[in-house]
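Okay, so here's the structure we're looking at.
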Amino acid sequence: ALLLLLGGPWATAAARAEGQVQLSCPGTLLETSGQAERTRITRRLQISLSVSAEAASADQALEQLQRRLAAVRSSLQALEVKQLRVSSPSSWQRPAQPGQPAAVLASLQVSGSLQPSQLQPLIRGVGALAGVQLAPVRTEADPTDDQKVRQELLRLAYQDALRQARPLADLIGSSQLRPLEIRSDGVEMVPIAMRAMAADGVAPFNPQELEPPKDRLGLQVRFCAQ
């Protein structure tokens, strides 16, 4: 996107409102949006699942939930899960319905981080436990590269904004483009859903078939064309 504002000296409304240094443009103001995206290598899988139980009373439902959680926790620890988190349980009464007696349902949420090689045992092992419902898996990149990736995205997004502004600046006879203001919307981590579960006797779930993590960044740049 590109916005053309004609006129002489110009200052941002935010600068006037906040008493900051005013940015002036004696030429033509051009506003563009730059975008950048980078695909990264998958280092970990961020997983989440729910554990539920059902019984005639709250005490029985919570006891069953506790037993199921113990089985889930043991299985995840065997898969060397990192950053294991377990929410507090919640319970609610389900009223009696035709053909279905009243019951108390209890559930909680479990999350953690696994190596990609543990995808198959997670799905077929942990996912098959009683009361477990898997949520989509998210791929994660190495966090130690985040700052370097952000710098690269900023550079690419700025170049994209400049590339959009250049043709119009040439059209109106302006040879110089001076950046006045740059606003970033930050790095957006794109979550990727896990593929559907397979049937017995077919190839195992392959973590390399998951979409890799992607970072996206957008910039709003105002140039002064002179």
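The values are calculated or read from the model by the stated rules, or taken from the named source; none is laboratory data. Just so we're clear, the structure is a prediction, and the values are computed from it rather than from any experiment. Positions of Cβ are generated from backbone atoms using ideal geometry, with glycine treated the same way; all protein chains shown enter the neighbour counts. SASA here: full protein model, heavy atoms, side chains in, ligands and nucleic acids out. Shrake-Rupley method; radii C 1.70, N 1.55, O 1.52, S 1.80 Å.
List of remarks:
- For residue 80, the conditions (1) in contact (Cβ under 8 Å) with a residue 24 or more places away in the chain; (2) closer than 20 Å to residue 133 by Cβ; (3) part of a loop (DSSP other than H, G, I, E, B) all hold with the exception of (2).
- Test: residue in region 142-152 that is surrounded by 16 or more Cβ atoms within 10 Å (Cβ to Cβ), acidic (Asp, Glu) and not in a loop (DSSP other than H, G, I, E, B): no
- Check on residue 213, open to solvent by 50 Å² or more (accessible area, probe 1.4 Å) and modelled with pLDDT under 90: no
- Within region 78-95, the set of residues being open to solvent by 50 Å² or more (accessible area, probe 1.4 Å) and farther than 20 Å from residue 125 by Cβ comprises 88, 89, 90, 91, 92, 93, 95.
- In region 51-74, the residues that are among the hydroxyl-bearing types (Ser, Thr, Tyr) and more than 10 Å from residue 106 (Cβ to Cβ): 57, 74
- The requirement of being assigned to a helix (DSSP H, G or I) and either open to solvent by less than 60 Å² (accessible area, probe 1.4 Å) or under 19 Å from residue 215 (Cα atoms) (or both) is fulfilled nowhere in region 170-186; no residue meets it.
- Number of positions in region 128-141 that are crowded, with 17+ Cβ neighbours inside 10 Å and over 17 Å from residue 209 (Cα atoms): 2
- Residue selected from region 37-77 under the condition of a type in the set (Gly, Ala, Ser), in a strand (DSSP E or B) and over 16 Å from the mean Cα position of the chain (by Cα), by the criterion surrounded by the most Cβ atoms within 10 Å (Cβ to Cβ): 53
- Of all residues in region 1-36, those that are modelled with pLDDT of 90 or more and either over 32 Å from the mean Cα position of the chain (by Cα) or under 30 Å from residue 111 (Cβ atoms) (or both) total 1.
- Meets criteria (touching a residue at least 12 places away in the same chain (Cβ under 8 Å) and part of a strand (DSSP E or B)) for residue 29: yes
- Residue in region 36-47 that is farther than 30 Å from residue 155 by Cβ and among the charged types (D, E, K, R) present: no
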